[in-house]
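The values are calculated or read from the model by the stated rules, or taken from the named source; none is laboratory data. Small disclaimer: the values here were computed from a predicted structure and weren't measured. Using ideal geometry, Cβ is built from the backbone for each residue, glycine included, and neighbour counts are taken over all protein chains shown. To get the accessible areas, we keep the full protein, side chains included, count just its heavy atoms, and leave off ligands, DNA and RNA. Shrake-Rupley method; radii C 1.70, N 1.55, O 1.52, S 1.80 Å.
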Amino acid sequence: MSAVIVSLRVKATPQEAFDVFTQEIGAWWRPSELFQITPRGDGVLSFEGEQRLITTLPNGKVFEIGRVIAWAPGERLAFSWRQASFAAEQVTHVEVRFEPVGEETRVTVEHRGWDAIPQDHVARHGFPLAATQMRLAEHWRALLAALSAALNAAT
């Protein structure tokens with residue numbers, strides 16, 4: 001299965017990084033024109049407890065992005081990931097690991113399963129798999145930088 005893996009060290013404990021990732025995702029998440037969650041944009045993301053990741057659109061509608069598979073505060077988070085344009089059987093998976101490195105935390109995002117989404121699907125923009133993964137990695141790098149900025153603002 002194909003995977004995009006991106007890591008960034010942040011100035012926070014693993015627990016702090018996990019908390020901001022999960023509790024404040026709506027504040028630091030940055031939409032991508034290439035990987036919009038819905039045709040109306042990304043909305044405001046939030047985790048509903050330890051069950052699911054949703055987005056609330058400006059019109060108040062809620063779209064379930066995915067179900068939480070693993071919730072280990074300060075260590076690991078895993079969830080399924082769907083865009084609104086995905087068919088019912090189309091799903092990708094995100095795993096986020098929080099590893100202490102000295103006084104910092106390495107946050108690693110692994111987003112798997114884009115090889116199951118056809119190249120001609122609107123979410124892939126006709127890109128071959130390697131190009132889709134490169135663009136997705138750029139997006140996750142930008143998201144981790146926004147997470148790092150949110151952590152820096154909190155301290």
Original post:
Given a 1.4 Å probe, how much area per residue of region 86-155 is accessible, in Å²?
Top reply: 47
Subject >> Exposure rule at most 10 other beta-carbon atoms within 10 Å, DSSP loop GluC sites (Glu not before Pro): the chain longest free segment >> reply: 34-88
**OP:** Compare S46, S85, S32 in a GNM of the chain, Cα atoms joined below 10 Å, and give the one with the largest fluctuation.
**Re:** S85
Original post:
Of A12, A137, A116, which is the most mobile in a GNM of the chain whose springs link Cα atoms less than 10 angstrom apart?
Top reply: A116
Original post:
Could you give the angle, 0 to 90 degrees to the nearest 10, between helix 14-23's Cα long axis and the longest principal axis of the Cα atoms of the chain?
Top reply: 40
Original post:
If you project the alpha carbons of the chain onto the principal axes, what extent comes out on each, in Å, largest first?
Top reply: 44, 35, 25
Original post:
On a 0 to 90 degree scale, rounded to 10, what angle separates helix 129-154 from the longest Cα axis of the chain?
Top reply: 30
**OP:** Tally up the carbon and sulfur contribution to the accessible surface of region 36-95 as a whole percent, 1.4 Å probe, everything protein left in place.
**Re:** 50
